[in-house]
Amino acid sequence: MVLPRPLIVFTFTLSLACAQELVTLDKIEVQETYSTLEERKENSISKRIIKSEELAQYGDLNALEMLKRTAGVSISEGKKKGAPGKGYTKVLIDGEEVSVSSKRRSSPLEQISPDMIERIEIMSNGSAEYTAEAMGGIVNIILKKPKSDGLAIAKITAGAYGDSPMGTLFAQYEKKEGKVSYLINGTYSDTQKNETTLTDSNTLGIISTQDGEDKSRARSFSLNGKVIYTANRQSKYAFDGTLGRNDDRVDTHDTTITSGTVIRNIDERNNAEGTFYVAKLLGDHHIGQSMIADWKLITHERSQEGQKSSLDSISSREIYQEDTSLFRIFGGNANLSYAMNEHFFKTGMEYRHLKQRDEVQTVENGVNTTLPSDNVTMDQDKYAVYVQDEWSMGEKAVLTPGLRYEKIDRDYGVVSAIDYFAPSVHFLYRLTSEDNVRASVAKTVKLPRLDEISSSVNSSLDDNDINNPDITGNPSLKEESALSYELRLEHYFTDKGIVSLNTFYRNIEDKIEKLTTLESTRYVERPYNAGEAQLWGVELEVKKSLATLLNGLGIWGNATVQNSTLENTQTGFNGVIGETPDYLLNIGLDHAYAPYRLTYGAAYRYNGGFEDPIDQSGIVKSQKGYGVLDLYATKRLDSTFKLSLNLKNITSTTIETTSAGYSGGVLNVYQVDKLNSDPQILLTLEGKW
């Protein structure tokens, strides 16, 4: 059976990261008749597709906040905030890998406004056409592209976090003129927060209480532009560029009291300024009726400069730290897709060069205490090739086998080379027109981030404790590898709803864990290869109209329940994967009241927390479960304007983390940290012309 050309284009452009940048004419024609659920049902590889409108309505201010609502994605919160899934969920932007976290500075995901996002695609298991670094899944954030013959959007949001003001401005214009279509948008954000922390500790029988207050202000500006040139029906070219700037400031005051006496009175300031840019040049070519070729050239750079200072008025101890970091990527890739009878072949190659430079200068009471290891330059070259076949086995079944090969060369003072094959198989069987069974097996890896092998230290200055250690890397760290198995059942309702049940199991070798140890007088956190681990669980997802009960009413939700084990045969250690929530829950209720052109709803997010046993460095850590409730209402004023009200975190969530440190079976330190947060209120006026 020869696939019709529009279907070839539709399948291919949904699958390839580069083709997502360039919307072909055939895809536009097909996509107009497809909903995201229909795309998901027909896709040969399991993929959840979430339109930005489904997430943005809850008032999230950036992409990182939006990801918290997606099934299976856990983001560390509390005194130590982190990246999605502890780094086990690979995040792509328009199919391109990004550095989502740093041991010093904020994630670039915090600088992507929801208004820039077209949709989010989530794959819970790896496939050959994407990176092999898919342990825990892949999240692909697809930014908006020009579609209209002429459309302007302006949006202003004002509000408060507790009694601290915050606001954003967004503007966008898109247009098509002959063979050229373009889009440009800009976002300015100014967010202030005032958060309090309470720390109770018992160190060798000495009981202390620490009251802290963090006053922060984060300002950012980003400008994004896309230009697509359609030379003819066979070829398209595009340029995509993003430029951003951030300015962050945090002022912290901590007072520690022991037996009624103030033993520490610390004022700390942490300032950071940074810029980033992304530039891409792309091409898409139809070769005959059954072949498509595409290519991409990219350069991406993110630089940050920061200053941290701490003064303890009790001891007169003053510490100043200045840090500079640079993260740079350049490279390209090329892909070829070919349809032949029941087969749809994809193959491609990729090259990326990464450079990261960390420079730190530390001065304590006027004395320079900088170590040579604090200044590091690291280079990495990545080469990859892949081949994948989408094989239609009759009307009901599709088998998608693939093989990816990657080679990594690194130079971080020590030269190393890593290479691996990553095979994968995905199987789709259509039980009925509304029911799918999916199964997949994939080998995935997690390479240590350059941050994790850098010897440079991010000091916690005077606020050093078991829950807030100095953070550094481990140059001896090896990559993780895993075999991931999944089985999914999907039922699609005729009213465009879905219920999905997914079971997963991952067997992980050389599991990377972060361990905190007391070195001399300071707590230091480093990553280690901790042994062999297993992670298994169940994910449930529901999206359903309740129009039979009330017209315009609908519910959505997802829940993940998981467990793990960790074993080190060399040391005899048996435990669990650290800081992995027992379960995650997101649930929402929406109602559209057509007579008043009013839509309103609620969303509740619950993180079940974790309770880890003693780890290999003698520390026991736990975090209590916590829930966040958000409410929203949107009123269409007329054909141009709509007004939205968001009430976020009305539960005033407190995140409580407890750590206990043992030495020789004897309790040395017990510490409880409580991070308190305030509700937010946001009012947004949006206009389209």
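The values are calculated or read from the model by the stated rules, or taken from the named source; none is laboratory data. It should be emphasised that the depicted structure is a prediction, and the values quoted were computed from it without experimental measurement. FYI the Cβ positions are ideal-geometry reconstructions off the backbone, even for glycines, and counts take in every protein chain you see. All accessible areas refer to the heavy atoms of the entire protein, side chains included, with ligands and DNA or RNA removed. Shrake-Rupley method; radii C 1.70, N 1.55, O 1.52, S 1.80 Å.
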Contacts under 6 angstrom Cβ, first residue in the stretch 178-196 being farther than 30 Å from ASN676 by Cα and modelled with pLDDT of 90 or more, partner surrounded by 21 or more Cβ atoms within 10 Å (Cβ to Cβ) and of a type in the set (D, E, K, R), 6 or more apart: LEU183/LYS226
Hits in the stretch 419-453 - residues which are open to solvent by less than 40 Å² (accessible area, probe 1.4 Å) and within 15 Å of THR131 (Cα to Cα): TYR420, ALA422, SER424, ALA442, THR444, VAL445, LYS446, LEU447, PRO448
Selection count, the stretch 218-235, where residues are in contact (Cβ under 8 Å) with a residue 24 or more places away in the chain, open to solvent by 50 Å² or more (accessible area, probe 1.4 Å) and either under 20 Å from GLY186 (Cα atoms) or not in a strand (DSSP E or B) (or both): 6
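Condition test on ASN202, is it assigned to a strand (DSSP E or B) and surrounded by fewer than 16 Cβ atoms within 10 Å (Cβ to Cβ)?
Here the answer is yes, as ASN202 does meet what is asked.
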Index of the failed condition, ASN140 passing every other in (1) under 24 Å from ILE512 (Cβ atoms); (2) touching a helix residue (DSSP H, G or I) at 6+ places or on another chain (Cβ under 8 Å); (3) in a strand (DSSP E or B): (2)
Residue tally, condition part of a strand (DSSP E or B), surrounded by fewer than 19 Cβ atoms within 10 Å (Cβ to Cβ) and under 25 Å from the mean Cα position of the chain (by Cα), over the stretch 565-584: 2
Residues that are among the β-branched types (Val, Ile, Thr) and either over 30 Å from ASP149 (Cα atoms) or free of Cβ contacts under 8 Å to residues at least 12 places away in the same chain (or both), drawn from the stretch 631-663: ILE650, THR651, THR653, THR654, ILE655, THR657, THR658
Flag if PRO165 is outside any strand (DSSP E or B) and either touching a Ser or Thr at 6+ places or on another chain (Cβ under 6 Å) or within 20 Å of LEU643 (Cβ to Cβ) (or both): no
Selection count, the stretch 246-273, where residues are out of contact with any helix residue (DSSP H, G or I) (no Cβ under 9 Å at 6 or more places or on another chain) and either of a type in the set (D, E, K, R) or closer than 30 Å to ILE142 by Cβ (or both): 8
Per-region count, the stretch 236-248, residues open to solvent by 70 Å² or more (accessible area, probe 1.4 Å) and either acidic (Asp, Glu) or more than 14 Å from SER189 (Cα to Cα) (or both): 3
Residues of the stretch 27-53 satisfying the condition of being modelled with pLDDT under 75 and part of a helix (DSSP H, G or I): LYS27, ILE28, GLU29, VAL30, GLN31, SER52, GLU53
Top-ranked residue of the stretch 613-631 - restricted to ones that are open to solvent by less than 20 Å² (accessible area, probe 1.4 Å) and under 22 Å from THR571 (Cβ atoms), ranked as nearest to the chain's Cα centre (by Cα): ILE619
Complete set of residues in the stretch 292-337 that are of a type in the set (Val, Ile, Thr), closer than 30 Å to GLY402 by Cβ and open to solvent by 20 Å² or more (accessible area, probe 1.4 Å): THR299
Per-region count, the stretch 348-370, residues out of contact with any Ser or Thr (no Cβ under 8 Å at 6 or more places or on another chain) and either in a strand (DSSP E or B) or at pLDDT below 90 (or both): 9
Subset of the stretch 664-689 (residues that are without any contact (Cβ under 8 Å) to a residue 60 or more places away in the chain and either in a loop (DSSP other than H, G, I, E, B) or of a type in the set (S, T, N, Q) (or both)): GLY664, GLY665
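Within the stretch 287-299, can you find the residues that are out of contact with any helix residue (DSSP H, G or I) (no Cβ under 8 Å at 6 or more places or on another chain) and closer than 30 Å to ASN341 by Cα? First the steps, then the outcome.
Pass one, the stretch 287-299, residues out of contact with any helix residue (DSSP H, G or I) (no Cβ under 8 Å at 6 or more places or on another chain): 287-288, 291, 293-299.
Of everything in the stretch 287-299, those that are out of contact with any helix residue (DSSP H, G or I) (no Cβ under 8 Å at 6 or more places or on another chain) and closer than 30 Å to ASN341 by Cα turn out to be ILE287, GLY288, MET291, ALA293, ASP294, TRP295, LYS296.
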Every residue from the stretch 143-156 that is under 24 Å from the mean Cα position of the chain (by Cα) and either closer than 21 Å to GLY59 by Cβ or open to solvent by 30 Å² or more (accessible area, probe 1.4 Å) (or both): LEU143, LYS144
Condition broken by GLY578, with the remaining ones in (1) in contact (Cβ under 8 Å) with a residue 60 or more places away in the chain; (2) in contact with a helix residue (DSSP H, G or I) (Cβ under 8 Å, 6 or more places away or on another chain); (3) among the small types (Gly, Ala, Ser) satisfied: (2)
